[in-house]
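Bear in mind that the values in this text are calculations on the coordinates, not laboratory data. Predicted, not measured: the structure shown is a model, and the values here were computed from it. All Cβ positions, even for glycine, are placed from backbone atoms using ideal geometry, and neighbour counts span all protein chains on display.
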Amino acid sequence: MLHRLSPRKVRTLFLSDFHLGMKGCQPERLLDFLRHHEADTIYLVGDVVDGWALRRSWNWPESHNLVIQKLLRKARKGTRIVYIPGNHDEFLREYPSLTFGGIELRLDAIHRTADGRKLLVTHGDQCDAVVRYSPILSLFGSIAYQLVFATGRVINRVRLKAGWPYWSLSVWAKSKVKDRSRFLKAYAEALAAEARRAGADGVVCGHIHLAGMEEIGGISYVNTGDWVENCTAVAEHFDGRLELIRWTERAVALDPVDFRELDDIRAA
């Protein structure tokens with residue numbers, strides 16, 4: 001049963017890496033989050049649709065449709081939505097100035113916060129050497145990631161029934177990979193350099209499925225995380241303050257979806 005909360009109103013929401021179309025993404029948690037947050041502007045920072053997964057095996061259940069419907073309805077009701085494609089939905093990069101259903105497609109964007117800072121908004125895969133120089137290796141990595149996540153989803157069904165909190169097998173596995181911290185440091189520094197070249201005060205990105213905020217040489221590095229394993233987003237409040245939100249503690253039905261509880265999403 002979904003718990004009812006009054007919607008929070010924020011100035012801006014930054015979300016990325018939904019990976020709709022991939023088995024194991026978490027549209028139920030994302031829908032719950034979108035129901036309980038309203039914003040003047042929403043940035044979708046890439047990998048909203050997982051074209052790689054869909055090419056391997058078609059997977060598009062009703063819950064994935066509901067995410068798209070929810071976003072389109074928010075756009076119709078006046079929310080500005082900017083969609084910046086990532087490497088998994090790179091087919092949309094062919095249409096960098098298209099608007100569909102009120103949603104604007106852009107290769108990247110400059111967002112000005114309420115307190116006057118300029119933030120470069122970009123998916124971030126251009127700073128990932130594996131994606132940029134070895135797409136085949138990246139594809140194999142994506143397949144392995146899905147296998148690990150599928151296993152973790154089974155574990156979390158058991159944990160949910162036992163009343164235990166959400167736990168990510170893939171996050172744990174990544175933490176054990178040698179040299180991961182070196183990669184993350186290099187990735188963040190490369191994105192900070194991109195922001196500096198763009199004349200921005202900071203950068204908002206996604207791609208690596210690890211949310212976080214830090215200062216790097218006077219540049220704000222903000223990673224929105226993902227909606228596959230971590231269920232995170234970044235909100236800008238009306239004073240310009242940025243907040244990292246984790247939506248894994250909510251008691252949301254993970255599998256199967258109870259659409260009687262989600263009927264109001266179509267109309268909300």
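Assorted remarks:
- Residues whose amide H falls under 5 Å from that of TYR83, counting only those 5 or more places apart or on a different chain, are LEU44, GLU104, LEU105, ARG106, with hydrogens built in the peptide plane.
- Proxy reagent accessibility, fewest Cβ within 10 Å first, across LYS118, LYS70: LYS118, LYS70
- Long-range amide H partners of ALA114 with built H, under 5 Å: GLY240
- Working note: Karplus 6.51/-1.76/1.60 with θ = phi - 60° gives segment 24-34 the couplings x, 6, 10, x, 5, 5, 5, 4, 4, 4, 5 Hz, where Gly and Pro are set to x.
- One decimal place: the segment LEU107-LEU244 gains 47.0 nm when fully extended, by the rule 0.36 nm per residue minus the C-alpha distance.
- Ordering of 107-113, 211-217, 82-88 by burial proxy (mean other Cβ atoms within 10 Å per residue, highest first): 82-88, 107-113, 211-217
- In nm, spacing of pseudo-spin labels at GLU215 and ASN59 (7 Å Cα→C-beta vector): 4.2 nm
- Over 23 Å between alpha carbons, listed pairs LYS9/LYS70; LYS70/LYS161; LYS23/LYS185; LYS77/LYS118: LYS70/LYS161; LYS23/LYS185; LYS77/LYS118
- Neighbour-count ranking [beta-carbon atoms within 10 angstrom, fewest first] of ARG11, ARG55: ARG55, ARG11
- The Cα trace of segment 195-240 gives Rg and Dmax of 11.5, 33 Å, the first to one decimal, the second as a whole number.
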